[in-house]
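The values are calculated or read from the model by the stated rules, or taken from the named source; none is laboratory data. Just so we're clear, the structure is a prediction, and the values are computed from it rather than from any experiment. As a convention, Cβ positions derive from the backbone with ideal geometry for all residues, glycine included, and neighbour counts pool all protein chains shown.
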Amino acid sequence: MNWRKWSLLLTIVFAMSMFLAACGGGDDADTDTDGEANDTEEASGDEELADEQELSVNIKTEPPSLHPGTSTDTTSSAVLDQVFEGLTRVNQDNEVEEGMAESWDISDDELTYTFHLREDATWSNGDPVTASDFEYAWKWVLDPENADTDYAYQLYPIKGAEDAKEDDGSLDDVGITAEDDHTLVVELEQPTEYFLELTAFYTYYPLNEDVVSENKDWATDAGDDYVTNGPFQLVSWDHKDNIVIEKNEDYWDADTVKLETITMHMIDDENTALQMYENDDIDWIGDPTDSVPLAAIPTMKDADELEISDRAGVYYYSFNTEEEPFDNENIRKAFAYSLDRTSIVENITQGEQKPATALVPPSIFEENEEGYFEDNDVDTAKEYLEKGLDELGIDELPTIKLSYNTDEGHAAIAQAAQDIWKKELEVEVELNNEEWNVFLDSLGEGDYQVGRMGWIADFNDAINFLEIFETVGGNNYTNWEDEEFQKLIKESRSELDTDKRREILRDAEEIFMDHMPIAPVYFYTNLYAFKDNVKNITVSPIGNIQYKWGYITEE
Amino acid sequence: MSHSQIKETDFEPIHYEQSDAERIAGESTSFWKDAWRRFKQNKLAIIGIIVILLLTIMSLTGTMISGQNYSDNDLLNANQSPSLEHWFGTDHLGRDLFARTWYGARISLFIGLMAAFLDLIIGVIWGTIAGYLGGRVDEYMMRIADILSGVPYLLVVILLMVIMPAGLWTLIIAMTITGWIGMARIVRGEVLKLKAEEFVMASRSLGASTTRIISKHLIPNALGAILVTLTLTIPTAIFTEAFLSFLGLGVPAPKASWGTMTSDALSSLRYYPYQLFFPAFFICLTMLAFNVVGDGMRDALDPKDRR
Amino acid sequence: MFKYILKRVGFIFISLFFIVTITFFLMQAAPGGPFTSERKVPPKIEEQLNEAYGLDEPLIIQYKDYLVNIVKWDFGPSFKQKGQSVNDIINRSFKYSLILGFEAIFLALSVGVFLGVLAALYHNKFGDYAAMIFAVLGISVPSFILAAVLQYTFAFKLGLFPIAKFDSFMHSILPAVALATTPLAFIARLMRASMLEVLNSDYIKTAKAKGLSSRVTIYRHGIRNAILPVVSYLGPLVTAILTGSFIIEKIFAIPGLGNEFVESITNRDYTVIMGTTVFFSILLLFSILIVDIIYGLIDPRIKITGSKGDQ
């Protein structure tokens, strides 16, 4: 064990000295300091690259799994997205670009995708990346024998995938075929507009069949068997402490990659992380893997240290539509209309989140900047309340229970909601907080009245928000479903025309907002800060972070 | 001593009878009266008592003084420094910290006293019986205590919080379930030590009953140790609550205790230190008061410790 | 003596059996499933998960399997940290907690006893007040506040220590101090109270009257007798250090066992909860045994006997 660490250290030192030597030679060419520093442009000589391309970040906790097939969370993906690469990659501008596949053809019915893999793509152990590595990886996830593959459903757009995983279908019938080493043909269940975005997602990463099939524990530690194909490779993994990745020189696009080493610390306490950030121990703080402490936000904002970008996600209160009084549409509307979102966003969350009066974030539907109703519309809320009470045949509302999972921020928002509902609707609100897993179970069992929820998109498409509420169960805790709504969702799936599809989804959202099974509160933002010399790293709307294009300048 | 005239009669022996002996020895004082007399001489302890009384009174009435409600949000006035309107400032939801501090005092003191009281009852009974009877009974009783204390109490607390509705009594019960063990151990240790002392042996050889020995000799003699432990149990309970608050398991919002207030304020320590200062200051003051009072009681009650 | 220890060890195993049983069934009764996650898992996949982890078996079978595995010192796989076993987790994290714990216990005992003796010897004088003010402050400040304040002032503002993590001795100082302070103050108070009692006892007065120098009296008779309550506090001390580490390890980002335990509870990672609970219990039970043995060795008046039958 120890010799391995030493040899790794030696390798790093060696690589570093190589790099330093290389930099020393290249300096003259790079010393061109005119022009403005532009974050989104590549380091083409506008700025002087620092000698040490080392980045230090906080991923907060131990990644639950560094196996692309079994991981399901942002922390793991913050590591996986650097060390693996799928057929495609979503770039800094949120556009799909070539990854392992250098091109692809899509059939006219949008049901068959043919990917052409690049010839020069290799695994970190030197093996070429082949189409069968993809087939192996995806079918591994779909194999019912392999547990812990919670995200198998990410592959369900592929023909026969759901059948194979859940209904004893054969893996051979799944629409994944490696025609030759460099051609992968994928058949879909139905047209999926965002499929090329999906292929950039970690469940769609390839696995090196030779290595992985030999050692089932290949992904539990850094080492020879942790074979990857991305811009970086895993050097060490001290569990619960830190992960170190370094540039993969054999990566097909290695010229683009400037960062040499990235140390990912696991610091759970936000304040500790903030102090380390200010002490220059770490270069990045906040989203997507950590958060900036609430109390620090105003000060950091004043100092112009904070970066804020849109995040495709919505924070909402879910109503249990089977529980009185929330079985009444007007009562639900009264609660939703009366919330003072602007005040919550400005005074509690403070991250320039957008007050939400719709389901789909404005980064997908711009119209939702305005939403479907006015924020803090107390008068209308009272009218709805009146109507609702009449329909229920009661004089005043019973005490209601507002549940949320234990967290300072959720507690603060819940208290603000409690306060305004008490003031405007004259209803006693009892707060109930539970640990995350317990909370989710309570919601799942319908043991709640109003419950805090949030949804952050897996991919940047309205369907990802709307289909949650297609049927009861899954992530729809409201017990609400609606035939007309379901019909529209179904219709959107077979609609190939982008504009028409959008129209259909808008209609569906309107129906949804008319029934108001949830009260949207705000649309999320990404909130983070980084050191001045860290360049060209951004957080995407779906909360991905990529270091491929990042670099560090001379201070 | 005055140097006035000394008369001859002064040297006459006064009439003396055997029965007068006790009367002449001075007024017989009870143990507790004696203790109280000695306690009164300890100024610090008296101050401690006064502080505890004041804190208790404030915890009952303090929320009414400032005319502010402890749970009313006022988001536009969040994180305000202390001012004429908000004497201790406001928190991140704009709630008045003066009212919250005294409301928190009520909850914290209640938790502390209740937990200490339950610990005391169970611990003293358990420890005395185990220590006094010794042998097999002691063995079994202490093994039961060992089993209980072998389970990290946080686990017990969390499970109870999850199984029972989150609230004050869940906290108190969860704390007591393992909290009494320390008291029982100390009492048992003390009883074991005392049991070997001569006066207990003497009493036993004179034929005193077990109950009498326990109530007349062991408990009063062990009282010093019990009180020292007790004055530490109250802060410990207040602490445990604070500890749990830090892990997000304190009293549920919008209820507040000094524990939840300090742990809330901790994250803004650098920006709004006053939010931490007031609850932390009163926690310290309470601890201090209980400690000096405990010391005073120990000095006053310990019959061996007469100076 | 040997027989006594053997007997106690036997009791420890019985205790452990109860602890394992109670923990196991409490875990079953606790709401919140291990595979609950924000993105709801399709029911079929959840079934496959339950099957893979043996959770579809009848409870009694699961219980039996768990007992058998514990005897083999196998705590099973973690539900949340995929591919890792509970044994892996304990093995890698315990060393941090152990080092931190020993440092804290050493600090608490040495400084605590020293302060207590000092206070007793200078009863009602400056030394007493100074030591007791320190002790009272130590008891008055909750450890998480102390930890945060220490971290903020000494590490962040003054830059004397690293802010967090556990890579060197320097890293361990602040967490050890934060962890030790409350028990330290506790020990100082206990020591003072008991030392005062001993100093006022007849045998010390006799020793003094017999003309023994006060230093000999204090060391040979005083401390040895006065330390008994402190020794009986060692068991709770270990507990205090262990539970204290839950918070301290979180604040200082130390990858120790306390941190794992707290996280496993929030994650409902049942096998890790049970594993760490059993492990902590073993640790506590054996340290209590050691404390009792030491207690018996120090106090000549308490004879170590298992029961009357042994005499």
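Looking across the stretch B:240-269, just one residue is without any contact (Cβ under 8 Å) to a residue 12 or more places away in the chain and over 21 Å from residue C:266 (Cβ atoms), and that is B:269.
May I ask you to verify whether residue B:222 is surrounded by 23 or more Cβ atoms within 10 Å (Cβ to Cβ), away from chain A (no Cβ under 14 Å), touching a helix residue (DSSP H, G or I) at 6+ places or on another chain (Cβ under 9 Å) and modelled with pLDDT under 80? So residue B:222 passes the test.
Considering only residues of the stretch A:338-378 that are among the hydroxyl-bearing types (Ser, Thr, Tyr) and buried (at least 23 other Cβ atoms within 10 Å of the Cβ), which is nearest to residue A:527 (Cα to Cα)? Working first, answer last.
Kept after step one, since they are among the hydroxyl-bearing types (Ser, Thr, Tyr), are these residues of the stretch A:338-378: A:338, A:342-343, A:349, A:357, A:363, A:372.
Pick out the ones that are also buried (at least 23 other Cβ atoms within 10 Å of the Cβ) and you get A:338, A:357.
On the way: A:338: 27, A:357: 21 Å.
Filtering first and then ranking leaves A:357.
Which helices (runs of 4 or more DSSP H) does the stretch B:2-67 wholly contain that include 3 or more residues that are closer than 30 Å to residue B:96 by Cβ and at pLDDT 80 or above?
Correct list: B:43-65.
Could you tell me whether residue A:143 is of a type in the set (Asp, Glu) and either over 26 Å from residue C:79 (Cβ atoms) or surrounded by 18 or more Cβ atoms within 10 Å (Cβ to Cβ) (or both)? The answer is no for residue A:143. The requirement of being modelled with pLDDT under 85, small (Gly, Ala, Ser), surrounded by 12 or more Cβ atoms within 10 Å (Cβ to Cβ) and at positive phi is fulfilled somewhere in the stretch A:42-49, by at least one residue.
Somewhere in the stretch C:191-198, is a residue β-branched (Val, Ile, Thr), assigned to a helix (DSSP H, G or I) and either farther than 23 Å from residue B:227 by Cα or away from chain B (no Cβ under 11 Å) (or both)? No. Of the residues making up the stretch A:195-212, not a single one is assigned to a loop (DSSP other than H, G, I, E, B) and surrounded by fewer than 17 Cβ atoms within 10 Å (Cβ to Cβ). For the stretch A:479-503, enumerate the residues that are part of a loop (DSSP other than H, G, I, E, B) and not acidic (Asp, Glu). Listed by number, the residues that qualify are A:479, A:480, A:496.
Quick grid of which residues meet (1) acidic (Asp, Glu); (2) more than 24 Å from the chain's Cα centre (by Cα):
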residue	(1), (2)
A:149	no, no
A:160	no, yes
A:174	no, yes
A:177	no, yes
A:188	no, no
A:198	no, no
A:201	no, no
A:210	yes, yes
A:213	no, yes
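When restricted to residues that are of a type in the set (Gly, Ala, Ser) and part of a helix (DSSP H, G or I), the stretch A:504-555 contains 1. Listed by position, the helices (runs of 4 or more DSSP H) enclosed by the stretch B:184-279 that each have at least 2 residues that are within 21 Å of the chain's Cα centre (by Cα) are B:219-246, B:258-266.
In contact with a strand residue (DSSP E or B) (Cβ under 6 Å, 6 or more places away or on another chain) and not small (Gly, Ala, Ser), is that true of residue A:456? Before you say what the answer is, go through the steps one by one.
Details: in contact with a strand residue (DSSP E or B) (Cβ under 6 Å, 6 or more places away or on another chain): yes; not small (Gly, Ala, Ser): yes.
Taking the combined requirement at face value, the residue satisfies it.
Counting the residues of the stretch A:379-408 that are of a type outside the set (Val, Ile, Thr), more than 10 Å from every other protein chain (Cβ to nearest Cβ) and in a helix (DSSP H, G or I) gives 13.
Out of C:230, C:216, C:177, C:238, one residue alone is away from chain B (no Cβ under 14 Å), in contact (Cβ under 8 Å) with a residue 60 or more places away in the chain and within 30 Å of residue C:292 (Cβ to Cβ). It is C:177. If you go through the stretch A:436-471 and keep only what is surrounded by fewer than 18 Cβ atoms within 10 Å (Cβ to Cβ), at pLDDT 85 or above and in contact with a Phe, Trp or Tyr (Cβ under 7 Å, 6 or more places away or on another chain), you end up with just A:454. Between residues in the stretch B:183-211 that are in contact (Cβ under 8 Å) with a residue 40 or more places away in the chain and away from every other protein chain (no Cβ under 12 Å) and residues that are in a helix (DSSP H, G or I) and aliphatic (A, V, I, L, M), which pairs lie under 9 Å by C-beta distance while being six or more apart or on different chains? Close Cβ pairs (under 9 Å, with a partner that is in a helix (DSSP H, G or I) and aliphatic (A, V, I, L, M)) amount to B:210/B:133.
Look through the stretch A:480-514, keep the residues that are of a type in the set (Lys, Arg) and within 24 Å of residue A:332 (Cα to Cα), and return whichever of them is surrounded by the most Cβ atoms within 10 Å (Cβ to Cβ). I'd like the intermediate steps shown before the answer.
Of all residues in the stretch A:480-514, those of a type in the set (Lys, Arg) come to A:487, A:490, A:493, A:500-502, A:506.
Okay, now just the ones that are also within 24 Å of residue A:332 (Cα to Cα), so A:487, A:506.
Numbers: A:487: 13, A:506: 17.
Per the criteria, the residue is A:506.
Hey, among the residues in the stretch A:280-301 that are part of a helix (DSSP H, G or I) and within 11 Å of chain B (Cβ to nearest Cβ), which one's surrounded by the fewest Cβ atoms within 10 Å (Cβ to Cβ)? Working first, answer last.
Taking the stretch A:280-301 first, the residues part of a helix (DSSP H, G or I) are A:294-301.
Of the ones still in play, those that are also within 11 Å of chain B (Cβ to nearest Cβ) are A:294-300.
Details: A:294: 19, A:295: 24, A:296: 24, A:297: 21, A:298: 15, A:299: 13, A:300: 20.
Here the residue is A:299.
Out of A:342, A:299, which single residue is at pLDDT below 90 and on the phi < 0 side of the Ramachandran plot? On inspection, the qualifying residue turns out to be A:299. Of all residues in the stretch C:88-109, none satisfies being more than 14 Å from chain A (Cβ to nearest Cβ), in contact with a Lys or Arg (Cβ under 7 Å, 6 or more places away or on another chain), in a helix (DSSP H, G or I) and surrounded by 20 or more Cβ atoms within 10 Å (Cβ to Cβ).
Under 30 Å from residue A:411 (Cβ atoms), in contact with a helix residue (DSSP H, G or I) (Cβ under 6 Å, 6 or more places away or on another chain) and within 14 Å of another protein chain (Cβ to nearest Cβ): which single residue out of B:246, B:239 fits that description? Talk me through it step by step, then tell me what you get.
On the way: B:239 fails: in contact with a helix residue (DSSP H, G or I) (Cβ under 6 Å, 6 or more places away or on another chain).
That would be B:246, the only listed residue that is under 30 Å from residue A:411 (Cβ atoms), in contact with a helix residue (DSSP H, G or I) (Cβ under 6 Å, 6 or more places away or on another chain) and within 14 Å of another protein chain (Cβ to nearest Cβ).
Each residue in the stretch A:222-246 was checked for being within 22 Å of residue A:86 (Cα to Cα) and either surrounded by 21 or more Cβ atoms within 10 Å (Cβ to Cβ) or among the hydrophobic types (A, V, I, L, M, F, W, C) (or both), and 15 of them qualify. Here is the figure for the stretch A:530-548: residues that are in contact with a helix residue (DSSP H, G or I) (Cβ under 7 Å, 6 or more places away or on another chain) and either among the charged types (D, E, K, R) or buried (at least 22 other Cβ atoms within 10 Å of the Cβ) (or both) total 2. Residue-level check: of (1) surrounded by fewer than 22 Cβ atoms within 10 Å (Cβ to Cβ); (2) at pLDDT below 80; (3) away from every other protein chain (no Cβ under 11 Å), residue C:222 misses just (1).
Go through the stretch C:9-62 and report how many residues are at positive phi and surrounded by 18 or more Cβ atoms within 10 Å (Cβ to Cβ). The total comes to 1. For the stretch B:87-101, residues that are of a type in the set (A, V, I, L, M) and either within 14 Å of chain A (Cβ to nearest Cβ) or surrounded by fewer than 24 Cβ atoms within 10 Å (Cβ to Cβ) (or both) total 1. Out of A:148, A:133, one residue alone is crowded, with 16+ Cβ neighbours inside 10 Å and in a helix (DSSP H, G or I). It is A:133.
Just checking, does the stretch C:205-217 include any residue being of a type outside the set (S, T, N, Q), at pLDDT below 80, buried (at least 20 other Cβ atoms within 10 Å of the Cβ) and assigned to a helix (DSSP H, G or I)? Give the steps one after another, and end with the answer.
Just the residues of the stretch C:205-217 that are of a type outside the set (S, T, N, Q), to begin with: C:205, C:207-212, C:215-216.
Now drop any that are not at pLDDT below 80, which leaves C:205, C:207-212, C:215-216.
Next cut, buried (at least 20 other Cβ atoms within 10 Å of the Cβ) only: none.
The answer is no; no qualifying residue exists.
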